[in-house]
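Heads up, the thing below is written out as structure tokens.
FYI, it's all coordinate maths here, none of it is from the lab. The model shown is predicted, which means the values in this text are computed figures rather than measured ones. Neighbour counts are summed over all protein chains in view; Cβ atoms, including those assigned to glycine, are modelled from backbone coordinates with ideal geometry.
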Ligand code: GUN
Ligand code: ZN
């Protein structure tokens with residue numbers, strides 16, 4: 001892809017973005033029914049009404065006409081496994097058998113760098129067609145899998161967070177690293193990739209059962225030495241897993257406390273699932289500035305449990321939505337919203353469509369401490385945006401044609417939409433995907 005600077009461009013459509021969380025603020029978003037998004041040099045110049053902004057355009061600015069469609073910030077998926085792309089939709093009765101039967105053999109293949117490079121390209125194509133412009137990505141235990149991933153994401157100019165899985169016990173020998181070796185490899189990868197272009201490194205202990213206390217402690221030291229790196233791991237996903245963690249770490253107050261004692265609960269730490277946490281854990285997450293990645297399609301698929309949005313909100317936890325592919329059953333964040341909505345209903349709470357679009361854009365950017373870089377259309381933010389088609393299918397066209405309120409329109413997109421509703425995806429101001 002060319003890296004030559006791009007001139008000013010403008011996009012005419014309905015424009016939606018957020019500046020606050022609609023669960024807590026009435027004035028949380030901007031909606032311009034006949035809107036204009038102006039982009040130059042890969043960043044946002046302005047977003048507003050076409051009528052008030054059109055006059056400010058330079059004479060030679062190309063205006064791309066997406067009228068009838070909705071432009072919003074690119075979706076952010078805060079927990080996904082790129083090496084599990086080829087094993088999505090693999091059946092197993094719960095998390096632990098699923099890991100043994102499908103995940104570990106699949107991840108073994110990433111000792112081959114060429115395999116990693118090929119899967120990374122397919123995975124990124126899949127993100128682009130799904131409207132996801134930034135993700136927090138688990139690679140495998142192999143260093144080469146991280147090189148393959150960032151090599152591919154940087155070539156496309158994408159903002160991505162990724163890291164090598166740390167795993168030194170309770171896994172097949174062919175996937176085990178060592179406490180020291182795994183952390184040494186992670187540091188080498190931080191030096192190679194973190195802060196280079198739009199790449200960010202995440203220190204990635206798979207989960208507490210597969211890291212020895214020594215490995216978790218070394219990961220915590222690494223996180224202290226590189227405070228602007230990310231941390232990502234799984235916590236309190238499944239009951240059998242939680243019981244296992246209690247028996248492995250009898251001195252810890254809770255599963256989250258295992259990570260806390262190792263120094264892994266801090267800003268820029270993203271904890272996947274958070275289903276079986278108690279109120280003290282949620283309070284600790286909130287106080288530390290760490291965030292939760294809520295993975296509804298995965299949690300329903302594996303039968304792990306139902307995330308409690310109301311309890312997390314009561315404690316002020318930073319929340320985001322995530323696919324968790326390959327346990328998640330869809331790449332598209334519209335489908336993730338669909339199941340998040342139903343999970344909330346099953347717990348007796350309610351997620352509005354505006355809240356779900358916030359969580360998949362600015363909410364995630366805030367959880368990742370990337371507000372100002374991604375997540376909305378404030379001036380100077382990276383030009384990562386998508387074009388949603390409310391008439392992508394006959395049924396969507398019929399349903400959205402009768403919508404009078406923005407909430408109803410977005411809700412119909414979240415319930416009925418999938419990657420067919422993503423008409424185009426732009427990242428860094430460049431067209432990355434266009435539906436045929
Ligand atoms: N817990 C540990 N590893 C994994 C994984 O790969 N996927 C999910 N969903 N949970 C995990
Ligand atoms: Zn996961």
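Brief remarks on what is shown
- Shape call, the stretch 88-148: gyration tensor on alpha carbons, a/c limit 1.5: oblate
- Full extension of the chain segment joining residue 188 with residue 43 gains 49.1 nm, where the gain is 0.36 nm per residue of separation less the Cα-Cα distance.
- Percent of C-alpha pairs per 5 Å bin in the stretch 131-288, short distances first: 2, 10, 20, 22, 20, 14, 9, 3, 1, 0.
- Rough spin-label spacing in nm, given labels placed 7 Å along Cα→Cβ, for residue 378 and residue 155: 3.4 nm
- In percent, rounded to a whole number, the relative contact order of the chain is 19, using alpha-carbon pairs under 8 Å and six or more apart.
- Each stretch of four or more DSSP H residues adds -39500 (n - 2.57); spread over every residue of the chain, this sum gives -10500 deg cm²/dmol at 222 nm.
- D (Stokes-Einstein, µm²/s), Kirkwood Cα radius, the stretch 64-107, 0.890 mPa s at 25 °C: 181 µm²/s
- An oblate overall shape is assigned to the stretch 81-211, the ratio a/c of its alpha-carbon gyration tensor axes (a ≥ b ≥ c) being 1.5 or greater and a/b not exceeding b/c.
- Normalising by residue count, the stretch 224-339 has a Cα convex hull of 105 Å³ per residue.
- Selected from 173, 59, 419 as most flexible by GNM, with the chain as the system and alpha-carbon contacts under 10 Å: 59
- Coarse-grained scattering of the stretch 170-247 at q = 0.19 Å⁻¹, given as base-10 log I(q)/I(0) from a Debye sum over alpha-carbon atoms: -0.85
- Linear extension gain, residue 369 paired with residue 20, 0.36 nm per residue minus alpha-carbon span: 124.2 nm
- The tail of the calculated P(r) for the stretch 334-405 beyond 16 Å holds 63 percent of all Cα-Cα pairs.
- Contact order normalised by residue count of the stretch 106-251, Cα under 8 Å, 6+ apart, percent: 20 percent
- Where labels lie 7 Å past Cα in the beta-carbon direction, separation of residue 345 and residue 108 in nm: 4.2 nm
- Normalised by the number of residues in the stretch 358-436, the mean separation of alpha-carbon contacts (under 8 Å, six or more apart) gives a relative contact order of 26 percent.
- Global size of the stretch 1-127 as Cα Rg and Dmax, reported in angstrom: 21.4, 61
- The length gained on full extension between residue 221 and residue 420, counted as 0.36 nm times the residue separation minus their Cα-Cα distance, comes to 67.2 nm.
- Overall, the anisotropy analysis places the chain in the prolate class: the square-rooted eigenvalues a ≥ b ≥ c of its C-alpha gyration tensor yield a/c not less than 1.5, with a/b exceeding b/c.
- Note on residue 239 and residue 55: their simple-model spin labels are 6.6 nm apart, each label 7 Å out from Cα toward Cβ.
- Listed peptides 361-371, 26-36 by packing density, highest first (mean Cβ within 10 Å): 361-371, 26-36
- Every Cα-Cα pair of the stretch 128-201 was included, and the share exceeding 17 Å stands at 44 percent.
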